[in-house]
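A short write-up of the structure that comes next.
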Amino acid sequence: MPFDALGLSPKFAPLYKKHNFAQPTPIQAQAIPAVLSGRDVIASAETGSGKTAAFLLPIITKLLEEKKTGGTRVLVLVPTRELALQVDSVAKQFGKPLGISSFPVYGGVGYVPQEEALKGGADIIIATPGRLLDHHQQHHTRFEKLSFLVLDEADRMLDMGFYPDVRRIVTALPKKRQTLLFSATISEGVARLAQQHLTDPVRVSVQHEQPTVLPVGITHAIYPVRQERKTDLLLHLLAQAKMPSVLIFTRTKHRAERLARRLLQEGYGVGLLHGDRTQGQRVAALEGFRRGKFQLLVATDIAARGLDVEKISHVINYDLPSTPEDYIHRVGRTARMLAKGDAFSLVSLQELGQLSDIEMALGEALPRVMLPDFDGGEIPFVSRLKKEPPKSTEPFGRAARPRPRRLR
C-alpha cells in the first residue's frame, strides 16, 4: 500500500521521494489511518519500525486542514534530548516546506531560544519533561490551543522516572485533545499511563507474540574473549571487514572514554556519546557519525533507544547489556526500516550469566564465532538452551558453517 492510499495530505507527494519514503512500514500502515480518524491511539512496534513518521505525518496532515491558532498545537513528550532532536528533524523534513513550524525543548542548552519558540507558538513542540516543566512553571508555554499530545517512547520515559513530571504536564493541558501513545513495549506501567490519560483508544500493534523479539534483518554473532583482550579483538574485527558505520556500546562512561581514546590512537574517526558529555559535544558526535565524519560512535546505553541514524552497518557490544530488553534496543540501532545489519557481541567469562539470560528470554541460542587467537581459552560457552548454537572459526561466521539465522 503506498503512502498516497493512507489518507495523508497530497502535499507530501514530492517529499516522500526526497526523504526516501517508498512504502509505509507495518506500524505506519496501521497507525496513520487510526490517527487520522481522530481517536486516541496506543501504538506499539519493535524498534526501528518508523513510529515517528507514523504519528507526525497524520498530525501534520490534520494541521494543514486547520487555521493557525497562535499557540502550540502539538506537544510531543520524549525521554531524551537525542530523541527530541530526531523527532524535530522529521517534523522539519515534512512540516517546514508546508509552513508547519517545530522546535525542540530540552535541557543542557540556553532557555531563551526555547522561551521564544514556546511563547511564539511554534506549531509543534518536542520536549523532554523536565525542561518543559521548568518553562511551564515560568509561564512560557501557550497550550490553550493544543490539539495533539504525543507520548513517544512511553516505556523509556517511565523507566527513567519521568512519570511525575509527565502527569503534571498532562494535567495542565486542555482536556479536549487527541492523545497518542507510542512505545516499543506495552508494560503494566505503560498500560496504566494509557488508562489514565487516553480516552477509548484504538490499539495498534505489530509486535510479535513473544515478550522479547529480535528485530528482523540482523545477523548476530557471539565472540568469546578474555576480558583483557576485548580491545584487541575489536581492532581485529574492524581491520578484517568492511564496516562503514559502527555503533559500539560499553557498560560505563569511563570505559567509553578509554575505548574512544584507544580507537583514536589507532587512527579511526570516533565520536563519543554518554551522559557526562555536554549538549554541544553530544550533538557534534551524533552529527559527525550521521554524516560519515566518524566511522565509529562509542556510546553507553544513552544511545540504545531513540537514536535514529540511517545505515548503521554494525552494532558491537563491547560489553553485554544487563538485560535482554537492552540487548534488543541496542542491536535495533542497525537494520532500521527493514534494512539489514550485523550485531557482534564480545563476551567474557564474567558475562556468561548475562548472555544466558538474553538467550533464555529470546528462546534462541545466538551463533558463536570461535577465533583461535581470541577464543577466551577454556571459557565454557555452552548455551543453557537444549539446542546448541552453531560455532565457527571463520572471522565473521559467514563461511565454513551454516550462516547465522536472522532471528525473528
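Go through region 165-185 and give me each residue that's of a type in the set (A, V, I, L, M, F, W, C) and outside any loop (DSSP other than H, G, I, E, B). Lay out the reasoning, then the answer.
The initial filter retains those residues of region 165-185 that are of a type in the set (A, V, I, L, M, F, W, C), namely 166, 169-170, 172-173, 180-182, 184.
If the condition is that a residue be of a type in the set (A, V, I, L, M, F, W, C) and outside any loop (DSSP other than H, G, I, E, B), then VAL166, ILE169, VAL170, LEU180, LEU181, PHE182 are the ones that fit.
Conditions: (1) at pLDDT 95 or above; (2) farther than 23 Å from LEU151 by Cβ. PRO113 meets all but one. Number of the miss?
(1)
Being hydrophobic (A, V, I, L, M, F, W, C) and closer than 22 Å to ARG330 by Cα is the filter here; which residues of region 1-58 pass it?
Let us first name the residues in region 1-58 that are hydrophobic (A, V, I, L, M, F, W, C), namely 1, 3, 5-6, 8, 12-13, 15, 21-22, 27, 29, 31-32, 34-36, 41-43, 45, 53-57.
Hits for region 1-58 are ILE27, ALA43, ALA45, ALA53, ALA54.
Just name the residue that is farthest from the chain's Cα centre (by Cα) out of those in region 130-155 that are among the charged types (D, E, K, R) and within 21 Å of VAL109 (Cβ to Cβ).
By that ranking, first place goes to ARG142.
For region 7-52, which residues satisfy the criterion of being assigned to a helix (DSSP H, G or I), touching a Ser or Thr at 6+ places or on another chain (Cβ under 9 Å) and more than 24 Å from GLU153 (Cα to Cα)?
Within region 7-52, LYS11, PHE12 meet the criteria.
Could you tell me whether VAL166 is touching a residue at least 40 places away in the same chain (Cβ under 8 Å) and not assigned by TED's automatic domain parsing to the domain that holds THR25?
Working: touching a residue at least 40 places away in the same chain (Cβ under 8 Å): yes; not assigned by TED's automatic domain parsing to the domain that holds THR25: no.
No: the conditions fail for VAL166.
Is there a residue in region 139-146 that is surrounded by 20 or more Cβ atoms within 10 Å (Cβ to Cβ) and either free of Cβ contacts under 8 Å to residues at least 60 places away in the same chain or under 16 Å from LEU198 (Cα atoms) (or both)?
yes
Condition check: farther than 30 Å from GLY275 by Cβ and touching a strand residue (DSSP E or B) at 6+ places or on another chain (Cβ under 9 Å). Does GLN23 satisfy that?
On the way: farther than 30 Å from GLY275 by Cβ: yes; touching a strand residue (DSSP E or B) at 6+ places or on another chain (Cβ under 9 Å): no.
No.
Residues LYS176, LYS230: which one is at pLDDT 90 or above, surrounded by 13 or more Cβ atoms within 10 Å (Cβ to Cβ) and out of contact with any His (no Cβ under 7 Å at 6 or more places or on another chain)? Walk me through how you get there before you give the answer.
Numbers: LYS176 fails: surrounded by 13 or more Cβ atoms within 10 Å (Cβ to Cβ).
Only one candidate qualifies: LYS230.
Here are some residues: GLY306, GLY292, GLY267, GLY271. Which one is surrounded by 21 or more Cβ atoms within 10 Å (Cβ to Cβ), outside any helix (DSSP H, G or I), at pLDDT 90 or above and among the small types (Gly, Ala, Ser)? Can you show your working first?
Values: GLY306 fails: at pLDDT 90 or above; GLY292 fails: surrounded by 21 or more Cβ atoms within 10 Å (Cβ to Cβ); GLY267 fails: surrounded by 21 or more Cβ atoms within 10 Å (Cβ to Cβ).
Testing whether each residue is surrounded by 21 or more Cβ atoms within 10 Å (Cβ to Cβ), outside any helix (DSSP H, G or I), at pLDDT 90 or above and among the small types (Gly, Ala, Ser) leaves just GLY271.
Output the residue which, of all residues in region 1-37 that are over 23 Å from the mean Cα position of the chain (by Cα) and among the polar types (S, T, N, Q), is surrounded by the most Cβ atoms within 10 Å (Cβ to Cβ).
Going through the qualifying residues, I end up with SER9.
Suppose we keep only residues that are among the polar types (S, T, N, Q) and modelled with pLDDT of 85 or more within region 315-365. Which one would you say is farthest from GLU228 (Cα to Cα)? Please lay out each step first, then the result.
First pass over region 315-365, keeping only residues among the polar types (S, T, N, Q): 317, 322-323, 334, 345, 348, 350, 354, 356.
The next check asks that each one be modelled with pLDDT of 85 or more; those that pass are 317, 345, 348, 350, 354, 356.
Details: ASN317: 15, SER345: 15, SER348: 9, GLN350: 11, GLN354: 18, SER356: 21 Å.
Only one residue tops the list, namely SER356.
LEU64 - would you say it is surrounded by fewer than 22 Cβ atoms within 10 Å (Cβ to Cβ), without any contact (Cβ under 8 Å) to a residue 60 or more places away in the chain and not small (Gly, Ala, Ser)? It would help to see each step written out before you state the result.
Details: surrounded by fewer than 22 Cβ atoms within 10 Å (Cβ to Cβ): yes; without any contact (Cβ under 8 Å) to a residue 60 or more places away in the chain: yes; not small (Gly, Ala, Ser): yes.
It is true that LEU64 is surrounded by fewer than 22 Cβ atoms within 10 Å (Cβ to Cβ), without any contact (Cβ under 8 Å) to a residue 60 or more places away in the chain and not small (Gly, Ala, Ser).
Need the failing condition index for THR199 against (1) surrounded by fewer than 19 Cβ atoms within 10 Å (Cβ to Cβ); (2) in the same structural domain as LEU320 (by TED's automatic domain parsing), just the number.
Going through (1) surrounded by fewer than 19 Cβ atoms within 10 Å (Cβ to Cβ); (2) in the same structural domain as LEU320 (by TED's automatic domain parsing) one by one, THR199 breaks only (2).
Of the residues in region 345-374, how many are of a type in the set (Val, Ile, Thr) and in the same structural domain as GLY332 (by TED's automatic domain parsing)? I'd like the intermediate steps shown before the answer.
We begin by selecting, within region 345-374, every residue of a type in the set (Val, Ile, Thr); these are 347, 358, 369.
In the following step, the residues that additionally are in the same structural domain as GLY332 (by TED's automatic domain parsing) were identified as 347, 358.
Within region 345-374, residues that are of a type in the set (Val, Ile, Thr) and in the same structural domain as GLY332 (by TED's automatic domain parsing) number 2.
Which residue out of ARG261, ARG255 is outside any loop (DSSP other than H, G, I, E, B) and either in contact (Cβ under 8 Å) with a residue 24 or more places away in the chain or among the β-branched types (Val, Ile, Thr) (or both)? Reasoning before the result, please.
On the way: ARG261 fails: either in contact (Cβ under 8 Å) with a residue 24 or more places away in the chain or among the β-branched types (Val, Ile, Thr) (or both).
Answer to the selection: ARG255.
The values are calculated or read from the model by the stated rules, or taken from the named source; none is laboratory data. These numbers come from a predicted model, not from an experiment. Cβ sites come from the backbone with ideal geometry, for glycine too, and all protein chains shown count toward neighbours.
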